[in-house]
Amino acid sequence: LRAAPARRNNRWFLTDATGSMPLVEGVAGIGALLACSGGYAVPVTAEWTPFGLVPLTVHLADRVVDIGPTADPSFLAASA
């Protein structure tokens, strides 16, 4: 989606011209999202959960920035 980060009533949202979706409370990566977007709408890949969106990546003109949560090391070890 292409959206801008916004804060309302102590909660973060991704918002565009059609509306807003809340981010999962306490989600990591909001600082990186703000730094990459400068507060403007940017293409974002996010996971949609029952608790809100989890931003995973920001797609900039010259690179993709991973801002999402990292996998639990025990999960990664089990897949090897």
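The values are calculated or read from the model by the stated rules, or taken from the named source; none is laboratory data. None of these values were measured; they are calculated from a predicted model. Positions of Cβ are backbone-derived with ideal geometry, glycine not excepted, and every protein chain shown enters the neighbour counts. For the accessible areas, the whole protein counts, side chains as well, though only heavy atoms, and no ligand, DNA or RNA atoms are used. Shrake-Rupley method; radii C 1.70, N 1.55, O 1.52, S 1.80 Å.
Restrict the check to region 26-41 and report whether at least one residue is in a strand (DSSP E or B), free of Cβ contacts under 8 Å to residues at least 60 places away in the same chain and surrounded by 15 or more Cβ atoms within 10 Å (Cβ to Cβ). Steps first, please.
We begin by selecting, within region 26-41, every residue in a strand (DSSP E or B); these are none.
There is no residue in region 26-41 that is in a strand (DSSP E or B), free of Cβ contacts under 8 Å to residues at least 60 places away in the same chain and surrounded by 15 or more Cβ atoms within 10 Å (Cβ to Cβ).
Inspect all residues belonging to region 3-14 and state whether any of them is of a type in the set (Phe, Trp, Tyr), at pLDDT 95 or above and at negative phi. Write out each step before concluding.
Start the filter on region 3-14 by keeping residues that are of a type in the set (Phe, Trp, Tyr), which leaves 12-13.
Add one more test, that the residue is at pLDDT 95 or above, and what stays is 12-13.
The next check asks that each one be at negative phi; those that pass are 12-13.
Within region 3-14, one or more residues are of a type in the set (Phe, Trp, Tyr), at pLDDT 95 or above and at negative phi.
Look through region 51-72, keep the residues that are out of contact with any strand residue (DSSP E or B) (no Cβ under 6 Å at 6 or more places or on another chain) and at pLDDT 70 or above, and return whichever of them is most open to solvent (accessible area, probe 1.4 Å). Lay out the reasoning, then the answer.
First pass over region 51-72, keeping only residues out of contact with any strand residue (DSSP E or B) (no Cβ under 6 Å at 6 or more places or on another chain): 51, 60-63, 69-72.
Among the residues that remain, those that are also at pLDDT 70 or above are: 51, 60-63, 69-70.
Values: PHE51: 154, LEU60: 45, ALA61: 118, ASP62: 117, ARG63: 125, PRO69: 82, THR70: 128 Å².
Only one residue fits best here, namely PHE51.
How many residues, within region 13-25, are assigned to a loop (DSSP other than H, G, I, E, B) and open to solvent by less than 80 Å² (accessible area, probe 1.4 Å)?
Taking region 13-25 and keeping what is assigned to a loop (DSSP other than H, G, I, E, B), we get 17-18, 24-25.
Subsequent filtering for residues that are open to solvent by less than 80 Å² (accessible area, probe 1.4 Å) retains 24.
Residues meeting the conditions: 1.
Anything in region 1-58 that is among the β-branched types (Val, Ile, Thr) and under 16 Å from PRO69 (Cα atoms)? List them, or say none.
VAL24, VAL27, ILE30, VAL44, THR45, THR49, VAL54, THR57, VAL58, listed by residue number.
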